[in-house]
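For reference, the structure is listed below as structure tokens.
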Amino acid sequence: AAAAAAAACLCCYLLPRISACVLGVAVLVGTYFLSGYLCLAATAIAAGFYLFPQVLLLLLGLAAWILFLIALPVLCLGLTEFGTLTYFFPFTGPFLHVVALCILFSLDTPSLFPRLAVFLALLWFFPRIVLSLVTLLAIWMALPILRTAKARLVQLAERPYGVGGEAVPEKVKTGEQAIALVLGPEDEKPHPPPSHYDVLNSNRAAMPSELKSSYRRMALLLHPDKNPEERAAVAFKRVTEAYETLSSPLSRAEYDASLDGGLFGFAGDETDDADENTGGAFVPPDAGTAGLPPGVKKRRAKPMPRRR
């Protein structure tokens, strides 16, 4: 991949026109497979850029400005006025806007008027020095924000699923403990079924590699060839279903949303079934049912209307 990227950069540097043509042909071929109308539109834009580049750029800019005006009219008009005044008066235009801002601040706080007047005088006579100092001050004030953002991005890259608000569960060591964790203890009291993360003896902030290692450990403890208990096969199937759901990023995101109440709700027959099966205990959406995918609950069949 690195060699191909280096070769592409070298071709673009030595043969810019040929490289642009090849890239345009590749884009047209790709759009043709997506949609014929999209391919025609891309061909028209490419021909317009080749024959009338300035006119097409002007039209595209006008279209973008109209869309911006429709979306944010006040901001669009303000930026248009500032850009027009700056284009015709490169220094006087921005200076007048700074003066207007200083007047607004002075009306709100009259004690700032002498300081702002000195600032405007220095800006008028020494614009480069004042702008350089203002830029350095802005960079100095933005450094804490940039450091916080960098730390947040690094943390997000290292732990995309969070740092874990809940404690890491203690690892099970025996097959009996694994069965009790997955299926619950053997008693007549109803217990709410555990989540997929509890089944895998992990937590919601676990990385994919950690989930994989937890699945391997639980599968080794619950495999029917390794565990002679009667409930080991059912527990092994439950662990496999949980890992199949959490191994895919998309299905894991949907499952996390279901845990937070974003995708599933309880009403009507589902609530009645949950109350009957668990004795009034709350059943999370990942309860699962034998023969059904994880996260799907078995509904009670509605009675057919009687014929008169």
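Under the simplified labelling scheme, the T135-Y50 pair shows an inter-label distance of 4.1 nm, with each label point 7 Å from Cα along Cα→Cβ. Each label was represented as a point 7 Å from its Cα along the Cα-to-Cβ direction; for F105 and L77 these points are 2.6 nm apart. Descending by average beta-carbon neighbour count within 10 Å, the peptides 192-201, 230-239, 208-217 line up as 192-201, 230-239, 208-217, the highest first. Under the simplified labelling scheme, the A117-E244 pair shows an inter-label distance of 8.0 nm, with each label point 7 Å from Cα along Cα→Cβ.
Expressed as a whole percent, the accessible surface of the stretch 39-135 that belongs to carbon and sulfur atoms is 83, based on a 1.4 Å probe.
Average accessible surface for the stretch 1-155: 82 Å² per residue, computed with a 1.4 Å probe over protein heavy atoms with every protein chain in place.
Normalised by the number of residues in the stretch 50-171, the average gap of Cα pairs under 8 Å and 6 or more apart makes the relative contact order 8 percent.
The values are calculated or read from the model by the stated rules, or taken from the named source; none is laboratory data. No experiment lies behind these values; they were computed from the predicted model shown. A quick note on method: Cβ atoms are made from the backbone with ideal geometry, for glycine too, and the neighbour counts reach across all protein chains shown. Areas reflect the complete protein model, heavy atoms only, side chains present, ligands, DNA and RNA absent. Shrake-Rupley method; radii C 1.70, N 1.55, O 1.52, S 1.80 Å.
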